[in-house]
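Each reported figure results from applying straightforward, stated rules to the coordinates on display, with no laboratory input. Fair warning: this is a prediction, and the values are worked out from it, not measured in the lab. Positions of Cβ are backbone-derived with ideal geometry, glycine not excepted, and every protein chain shown enters the neighbour counts.
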């Protein structure tokens with residue numbers, strides 16, 4: 001498993017486990033004991049879990065991805081892991097989303113250049129993502145509104161702290177209408193990428209990415225005076 005995405009896994013690895021896994025970027029929910037908010041989540045633990053999962057896959061393949069092994073590699077107890085990720089599928093889905101953002105915010109000097117780098121990364125992650133895992137998690141999001149909101153919160157936490165840097169630079173340079181809603185615009189773009197790659201099985205090459213980015217930039221640009 002590269003840092004850009006995850007490859008397919010056997011179906012039995014991720015379909016077992018609780019139906020509902022509601023996660024928030026600020027709190028986790030301890031359903032087993034109280035069904036209520038337990039305490040604020042520590043983002044550093046989440047990062048250690050993701051890094052451990054990637055490392056184990058790179059070292060041992062699918063067989064190395066067990067909850068016991070991930071907990072040990074991350075240096076945490078299994079209860080802490082299960083509170084965040086009840087199944088391997090939850091963990092892989094989360095890791096795929098987290099991997100969709102470059103480690104460093106692109107700074108090419110233009111909105112088009114920055115957005116091309118972001119979309120190129122997202123396309124790579126969607127292309128390499130385990131399709132069965134993505135399908136099972138999207139199915140849950142369609143059926144369970146709380147889970148869907150948890151996914152949206154996760155995506156917002158991972159994505160928007162990066163893209164808002166790009167957005168603010170674009171506003172400052174006059175490339176973006178400051179009245180536009182950044183979250184809605186980025187949501188529309190990422191949804192379009194995911195739909196094309198995961199549902200339509202389109203191979204988005206450099207030309208296709210450029211077209212998507214051009215449409216995005218025209219849509220957010222200030223209206224002529």
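As an exercise, use a Förster radius of 25 Å and the Cβ-Cβ distance of residue 148 and residue 225 to find the FRET efficiency, rounded to the nearest 0.05.
On the way: r = 41 Å, r/R0 = 1.63.
Rounded to the nearest 0.05, the efficiency is 0.05.
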**Fill in**
Residues 120, 51, 59 in order from fewest to most other beta-carbon atoms within 10 Å are 59, 51, 120
**Prompt:** Given the C-alpha centroids of segment 146-181 and segment 183-225, what is the distance between them in whole angstrom?
**Reply:** 14 Å
**Asked** For 147, 200, 139, what ranking results if the residue with the fewest other Cβ atoms within 10 Å of its Cβ goes first?
**Response** 200, 139, 147
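Taking the Cβ of each residue in 100, 110 as the centre, tally the other Cβ atoms inside 10 Å and list the residues starting with the fewest.
Working: 100 24, 110 14.
Ordered from fewest to most neighbouring Cβ atoms within 10 Å, 100, 110 come out as 110, 100.
Stretched out fully, how many nm does the piece from residue 58 to residue 179 gain, at 0.36 nm a residue minus the Cα gap?
Numbers: separation 121, 0.36 × 121 = 43.56 nm, distance 4.45 nm.
Contour length minus the Cα-Cα distance gives 39.1 nm.
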